[in-house]
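The values are calculated or read from the model by the stated rules, or taken from the named source; none is laboratory data. In this text, all values refer to a predicted model and were calculated from it rather than measured experimentally. Glycine also receives a Cβ, built like all others from the backbone with ideal geometry; neighbour counts cover every protein chain displayed. Calculation scope for accessible area: heavy atoms of the full protein, side chains included, ligands and nucleic acids excluded. Shrake-Rupley method; radii C 1.70, N 1.55, O 1.52, S 1.80 Å.
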Amino acid sequence: MTKVFKDIISVMDPPAYHWVGDGFRVHNFFPSQSQIGLQGMSPFFLMDYGAKWNVTPSEKQRGVGVHPHRGIETVTLAYHGRVAHHDSSGHSGVIGEGDVQWMTAGGGVLHKEYHEKEFSRQGGLFQMVQLWVNLPAKDKMTPARYQAIENETMGKFIDSENKCSADIIAGEYKGIRGPAMTFSPVNLFNVRLLKDGTADFSFPSSWNTGILIIEGEVKLNDSKKVTENQFVYFGHKGDSLKIEAATNSIILVMSGEPLNEPIVPHGPFVMNTKQEIQAAYEDYYNGKFGHLDD
Ligand code: MN
């Protein structure tokens, strides 16, 4: 069977940043950018990218205070710096460099996210990604769940030339599975390429697919040059991707089967109808999301 390269719809520069709380300086690639919108990367609903920046030392741990979520999973990846987290179902942890936290908000959770204490004190380079993975309608109200996915527990692929290594967080690559439990089919990998290294991927043409260049410069599908901090959004014309590193590079690769359900987002809630959004606010104001101290 001949492989057909996925068509490249858009190579996107990071949009202007905004602050989430006082700790996260992020560029939102979706849903705010019209090329992608609410449905274009489904089941991924949101991607906030904290491109590299220097955090000045602070005794106060900067971040975002207690807030609710419903209807989604928040997936936080740390590349530089460390993020700490507490939630109302009693889970807490630190996301270290190379680690991922996969939090299922489901029917409702309160959490807070902030710079880890020692990192905050020392300051330094910070780079992270937060994805919101939408839940299928039937799983929106599932109980909250927390998966701390430390780097060493990820699926590990290394090619025969030692020029490509992949951390498989969710889904499967070259027969190696990632540890994350998901509610719909999702692939999420961190791929490291040494200069001149090559990686190839095959995802169904109907799946929504994108890559974020975390570091370096690559050539895509034998044609397109893409550099650090750009996001590439693919169309549905082919099934394969080829990434060739012009310099040592790190690439976040994501692909998933679209949910094909209505999406009604409001603030921290992502539901299927307006009524469900209203119910989310009512439940939140009535204390049904539990309790978490500031
Ligand atoms: Mn949050």
Electrostatic dipole magnitude of the range 8-282 [Cβ: Lys, Arg +1; Asp, Glu -1; Cα centre; debye, to 20]
260 debye
Given a 1.4 Å probe and heavy atoms of the protein chains only, how would you sort His236, His291, largest accessible area at the top?
His291, His236
If Rh is defined by the Kirkwood formula over all Cα pairs and Rg also comes from Cα, what ratio Rg/Rh do you get for the range 135-294?
1.05
Classify the range 88-222: rounded, prolate or oblate, from the alpha-carbon gyration tensor (a ≥ b ≥ c, eigenvalue square roots; a/c under 1.5 rounded; otherwise prolate if a/b is larger than b/c)?
oblate
Among Ala148, His69, Thr198, which residue has its Cα furthest toward the positive end of the charge dipole of the range 67-225, with +1 on Lys/Arg Cβ and -1 on Asp/Glu Cβ?
His69
Could you point to the residue in His111, Ala280, Val232 farthest towards the positive end of the chain's charge dipole, with +1 and -1 charges on the Cβ of Lys/Arg and Asp/Glu respectively?
Val232
So the angle from the long Cα axis of helix 274-285 to the longest Cα principal axis of the chain, reported in degrees to the nearest 10, equals 50 degrees
Decide, for the range 12-111, between rounded, prolate and oblate: order the square roots of the alpha carbon gyration tensor eigenvalues as a ≥ b ≥ c, take rounded if a/c falls under 1.5, and otherwise choose prolate if a/b is larger than b/c, else oblate.
oblate
Short version: ³J(HN,Hα) in whole Hz for each residue of the range 179-187, in order, from phi by Karplus 6.51 cos²θ - 1.76 cosθ + 1.60 (θ = phi - 60°), x for Gly and Pro, what are they?
x, 5, 8, 10, 9, 8, x, 9, 10
Three-way shape label, the range 8-282, alpha-carbon gyration tensor, a/c 1.5:
oblate
Estimated vicinal HN-Hα couplings, Hz - the range 48-60 in sequence order (Karplus 6.51, -1.76, 1.60; Gly, Pro = x)
9, 10, x, 4, 3, 8, 9, 8, 7, x, 8, 6, 7
Can you work out the Karplus-derived ³J(HN,Hα) for every residue in the range 66-75? Use 6.51 cos²θ - 1.76 cosθ + 1.60 with θ = phi - 60°, whole Hz, and x for glycine or proline.
4, 8, x, 9, 8, x, 9, 10, 9, 10
Which of Glu150, Glu217 is most accessible, then next, and so on - probe 1.4 Å:
Glu150, Glu217
Please enumerate, by chain and number, the lysines with C-alpha under 23 Å from the C-alpha of Lys288, excluding those fewer than 8 residues away in the same chain.
Lys112, Lys138, Lys140, Lys274
All other residues with a Cβ under 10 Å from the Cβ of Gly155 taken together, and with Lys, Arg as +1 and Asp, Glu as -1, what is their net charge?
+1
